[in-house]
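Participant: For reference, the structure I am asking about is given below.
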């Protein structure tokens with residue numbers, strides 16, 4: 001199978017994971033298993049060119065397919081009243097029950113230093129009936145402080 005279409009499908013599913021995290025109330029964590037979690041560090045960075053770096057920790061178990069930590073950042077409402085959300089990378093996770101660090105980087109040109117809402121989702125592409133379907137292990141969202149670097 002060519003790498004490019006497979007990568008596009010993974011990125012589309014990561015986007016779906018970020019969208020699903022929107023359904024969580026502010027500063028809430030959801031987990032399919034009480035021993036699984038994803039956290040967001042209280043501080044991230046934003047460079048002059050719009051590169052945002054976010055980080056945190058995760059813990060997961062019992063994965064049968066690949067698992068990813070996806071993240072997004074939402075800055076203050078724009079001048080036209082629209083809230084803009086940017087996907088900020090994705091990290092492949094290791095689901096061995098131990099706590100691990102995740103770190104995602106991506107472009108978000110309109111995100112400024114200051115307070116921003118971050119969402120992180122731990123999602124598996126679980127094989128079911130020959131198709132990889134999303135299985136959510138954990139999700140978390142909170143406000144963080146973005147520092148200029």
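Participant: List pairs: first residue in region 44-72 and on the phi > 0 side of the Ramachandran plot and free of Cβ contacts under 8 Å to residues at least 12 places away in the same chain, second residue in a strand (DSSP E or B) and surrounded by fewer than 16 Cβ atoms within 10 Å (Cβ to Cβ) anywhere in the structure, Cβ distance under 8 angstrom, at least six positions apart or on different chains.
Facilitator: So the pair list comes out empty.
Participant: Name the strands (runs of 3 or more DSSP E) wholly within region 1-108 that hold at least 2 residues that are at pLDDT 80 or above and closer than 15 Å to residue 138 by Cβ?
Facilitator: By residue number, 51-59, 67-74, 85-93, 100-107.
Participant: For the structure I just gave you, tell me whether residue 126 is in contact with a strand residue (DSSP E or B) (Cβ under 7 Å, 6 or more places away or on another chain), in a strand (DSSP E or B) and at pLDDT below 90.
Facilitator: Criteria met by residue 126.
The values are calculated or read from the model by the stated rules, or taken from the named source; none is laboratory data. As the structure is a computational prediction, the values presented were derived from the model and not from experiment. Virtual Cβ from ideal backbone geometry, glycine too; neighbours counted across all protein chains shown.
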